[in-house]
Amino acid sequence: MTSRAPRALVEVAPGVLVATARRYTTTSTAVVGDDAGCLLVDPALTEAELRGLAAALQGRGLRVVAAFSTHPHWDHLLWHPALGQVPRWATARAAAVARAHAAELREQAADEAPGLALEGLLALPDGAGHVPWTGPPTAVVAHDAHAPGHAAVLARGVLVAGDMLSDLEVPLLDLSAADPLGEYSTGLDRLAAALRRNDLRVVVPGHGRPTDRDGALARLDADRRYLDALAAGRPLDANQDARLADPWTRGEHERQVRALRPLGSG
Ligand SMILES: [Zn+2]
């Protein structure tokens, strides 16, 4: 039976609501505009959860008027007709990558989010600094850490970070990049600049718990220490980075260590 129960929405700052999915602690964020229209960032994850998200927003008298995908990974590209037919934005690079890898992404989504639409992203004009919608100014902070064309958005003092600044995941590199560590470090620099803004109150990671500025700065430090250790080939365990206690995260970490190991060093 498909549940359509409205999901819990937590107001992390005035006018910003977050729902957290069961799988991977995946967050979906709604930025509310003055006219009860909202921008939905990365709605996830199962069909029942997307229906429940639509029901929860409707229950508060809100309607989705636009959407944004932070990056071209399947769990950040999901959509459901119950959310309406609205422009769904992403950076030009993210939209192009999602289009080029549509079949592969659909296959990855098939197990946990079968039948959900992944296609239909609209590319922001190159260098667009804001999401074009009717609500509060929504800045785009683009970089290529974790995935090509990744972007955080910043609205109402909330930085919706995509798969960065997580309390659960260590930095997950885009291993297809020419310089995965360099791209990640550049991405952190861009987020660090956003964290210095006067109006910044809350950071919402794509997977994990929302936090305040100090919490986000602590995660940023932990991320930089992680990258330094990875670059230096220093072994890391859960004593140095508590996020490595999780078996899935640990597995991804080991995959990164293997991928970055210089050729010929066994
Ligand atoms: Zn991702």
Is it true that residue 127 is within 24 Å of residue 190 (Cβ to Cβ) and assigned to a loop (DSSP other than H, G, I, E, B)? yes
Scanning for something buried (at least 17 other Cβ atoms within 10 Å of the Cβ), under 17 Å from residue 241 (Cβ atoms) and in contact with a Pro (Cβ under 6 Å, 6 or more places away or on another chain), does segment 192-209 turn up at least one residue? no
Applying the selection to segment 95-123, what residues are within 15 Å of residue 43 (Cα to Cα), touching a strand residue (DSSP E or B) at 6+ places or on another chain (Cβ under 6 Å) and surrounded by 17 or more Cβ atoms within 10 Å (Cβ to Cβ)? 121
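A quick yes/no check of all residues on (1) in contact with a His (Cβ under 8 Å, 6 or more places away or on another chain); (2) within 30 Å of residue 33 (Cβ to Cβ):
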{"residue": "134", "(1), (2)": "no, yes"}
{"residue": "140", "(1), (2)": "yes, yes"}
{"residue": "151", "(1), (2)": "yes, yes"}
{"residue": "166", "(1), (2)": "yes, yes"}
{"residue": "171", "(1), (2)": "yes, no"}
{"residue": "175", "(1), (2)": "no, no"}
{"residue": "181", "(1), (2)": "no, no"}
{"residue": "184", "(1), (2)": "yes, no"}
{"residue": "225", "(1), (2)": "no, no"}
Note on segment 230-260: residues over 20 Å from residue 183 (Cα atoms), open to solvent by 50 Å² or more (accessible area, probe 1.4 Å) and outside any loop (DSSP other than H, G, I, E, B) are 242, 245, 247, 248, 250
Those residues of segment 57-79 that are touching a strand residue (DSSP E or B) at 6+ places or on another chain (Cβ under 7 Å) and either away from the ligand (no atom under 15 Å from the Cβ) or over 25 Å from residue 99 (Cα atoms) (or both) come to a total of 8
Single unsatisfied condition, residue 105 versus (1) within 16 Å of the ligand (Cβ to nearest atom); (2) within 27 Å of residue 14 (Cβ to Cβ); (3) free of Cβ contacts under 8 Å to residues at least 60 places away in the same chain; (4) not in a strand (DSSP E or B): (2)
What strands (runs of 3 or more DSSP E) completely inside segment 134-175 contain at least 2 residues that are open to solvent by less than 10 Å² (accessible area, probe 1.4 Å) and within 16 Å of the ligand (Cβ to nearest atom)? 150-155, 158-162
Only one of these is touching a residue at least 12 places away in the same chain (Cβ under 8 Å) and either in contact with a Gly (Cβ under 9 Å, 6 or more places away or on another chain) or under 20 Å from residue 42 (Cα atoms) (or both): 186, 211. Name it. 211
Listed by range, strands (runs of 3 or more DSSP E) wholly within segment 1-94 having at least 2 residues that are open to solvent by 10 Å² or more (accessible area, probe 1.4 Å) are 10-13, 63-68, 88-90
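The values are calculated or read from the model by the stated rules, or taken from the named source; none is laboratory data. Only a predicted model underlies this, so the values are computations on that prediction, with no experimental measurement involved. Cβ coordinates were reconstructed from backbone atoms using ideal geometry, including for glycine residues, and neighbour counts include every protein chain displayed. Heads up: the accessible areas ignore ligands, DNA and RNA and are worked out on the full protein's heavy atoms, side chains in. Shrake-Rupley method; radii C 1.70, N 1.55, O 1.52, S 1.80 Å.
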